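A short worksheet on the structure shown next.
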Amino acid sequence: MSNFHSTLSRRDFMKSLGVVGAGLGTMSAAAPVFHDLDEVTSSTLGINKNPWWVKERDFKNPTVPMDWPKITRHAGTFKTLPRPTVADFTKAGVVGGTSTDLETPEMALTLYDAMAKEFPGWTPGYAGMGDTRTTALCNASKFMMMGAWPGNMEMGGKRINVQAAIMAAGGSPTFTPWLGPQLDTTTRPQDFGAPVWQGTPEENLKTCRSAFRFFGGSDVGALELDDDILKFFHSKIGGKDLVVEDVEEAYETATKMVIPRKCKWVLMWSARQSLEGTRRQAGITENYAVWYSYSRLPKVGVQFQEFIRGLGYQALNPGMKGYLTSPLAAFSGMGEHGRMSSPTITPKYGVTNRAMWAMITDLPLLPTPPIDFGAYKFCKTCGICADACPFGLIQKGDPTWENPASAKSGIQQGTFEGWRTNTADCPHCPTCQGTCPFNSKPDSFLHAVVKGTVANTPLLNSFFTNMEKAMDYGRKDPEEWWDMDDFTYGIDTSY
């Protein structure tokens, strides 16, 4: 297989298919076309250094059809699986105790069987996540996950419940506040009679990108916070109303979180996770690639809030449960809606991003429009992730305006023509994310050809789907990772 990848040229590959004209020709046609210099200078494609086949669309017009009048703000209450007790798992013969996640005992046993069939020799170990070293890495990666203060932990020779102590003092269970930490060491220029940072909207967006990448994020996008975009922020966050008011400074009370009307921009940022780790998830939960991302990335957001405050502006953090991630990511050009529904497919990294994060700010930003690189069209004929789901929860077939199976989770129906995963019954198992063909490494010329072609025409999508299966680019044996010389954080930052 390695010889095949290293010796076959792009043109020879396409000639072997008999589609040189349809393949390489459509790749050329997929390149962005500018009519004058104004269009060149106004394009935001260069902000994130997207591949050449990525095309921009009109604002509020992503590749998935929308019915804007039907969209309303959601209260943020989504139904998920009930959390069984440790005794429930033990009675069913499921190992792990507190290591179990969202799955029911029956689902856990189904996953044991599915993983053993996919990776011969795999066993659930003592916690359902695989062998002892994999389990150890998973557990270690959960420290302060989701930005949560630690519970009982060793401190000074005693067991201290840090979270309980902070909450008893009037704090919150996480270190990701709406207004940012506002540390004594973080100063604002206006407090010293100095002018705030002044930059053009494009300069400001690039400045945000540089800061995020230094802290550990990846790409950025921006939206104007108008009445339409506000629909994708929940009306309530943690039981508090999220409202817009004519005030200078954002604030928070026991009943509401307030957005100043001057905070007119939504800043989106993405954060990558280990590609090789993602492809090697197995067991009853997602693995260390996911948990470590959820552990380190809230810290990135908090540090960025302090950075924006240091420029003299506000950055408001609604938290991960404060907005609908996928629509905002699609509208801001971070990626496209795909069959898995929840993960946004990105042109460079597929779905090996851990969520897309949003902040609200008064720092003027250059809005970034939706993009088209063929993902939505490709998903129509692919379905690899849906076939891989052990529980059949990922919607199959063509995109639809409704999916009754997802309605019970609280997902709105009739608002867009796409796919809606039945999240009410989803145990967040480790399977689907590692199967997406768009996860493939950019240094594979085979996929440079594929992605460049699907960006412009669906003609060969079915063929490429079958080729993806034949070339086995998807999930890999978890044991292989321990013999790899992987990158820091598992992330190749050269692309």
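The values are calculated or read from the model by the stated rules, or taken from the named source; none is laboratory data. Just so we're clear, the structure is a prediction, and the values are computed from it rather than from any experiment. Cβ sites come from the backbone with ideal geometry, for glycine too, and all protein chains shown count toward neighbours. Surface areas here come from the heavy atoms of the whole protein model, side chains and all, with no ligands, DNA or RNA. Shrake-Rupley method; radii C 1.70, N 1.55, O 1.52, S 1.80 Å.
The table below lists the values:
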item	result
All positions within segment 333-344 that are at pLDDT 95 or above, in a loop (DSSP other than H, G, I, E, B) and in contact with a Cys (Cβ under 9 Å, 6 or more places away or on another chain)	HIS337, GLY338, ARG339
Test: residue in segment 435-456 that is at pLDDT 90 or above and either hydroxyl-bearing (Ser, Thr, Tyr) or touching a Leu at 6+ places or on another chain (Cβ under 9 Å) (or both)	yes
Qualifying residue in segment 180-196 (condition: within 30 Å of GLY350 (Cβ to Cβ), open to solvent by 40 Å² or more (accessible area, probe 1.4 Å) and not in a loop (DSSP other than H, G, I, E, B))	no
Candidate set: segment 197-228, residues that are open to solvent by 20 Å² or more (accessible area, probe 1.4 Å) and in a loop (DSSP other than H, G, I, E, B); chosen: the one nearest to ASP362 (Cα to Cα)	LEU225
Within segment 457-491, tally of residues that are modelled with pLDDT of 65 or more, of a type in the set (Phe, Trp, Tyr) and surrounded by fewer than 18 Cβ atoms within 10 Å (Cβ to Cβ)	3
Every pair of residues 6+ apart whose Cβ atoms lie under 7 Å, when the first sits in segment 169-188 and is farther than 17 Å from TYR251 by Cβ while the second is open to solvent by 50 Å² or more (accessible area, probe 1.4 Å) and part of a loop (DSSP other than H, G, I, E, B)	PRO173/TRP149; THR174/TRP149; PHE175/TRP149
Subset tally (residues that are within 22 Å of the chain's Cα centre (by Cα), surrounded by 15 or more Cβ atoms within 10 Å (Cβ to Cβ) and either part of a helix (DSSP H, G or I) or free of Cβ contacts under 8 Å to residues at least 40 places away in the same chain (or both)) for segment 377-394	9
Residue check for TYR251: among the aromatic types (Phe, Trp, Tyr) and within 16 Å of GLY490 (Cα to Cα)	no
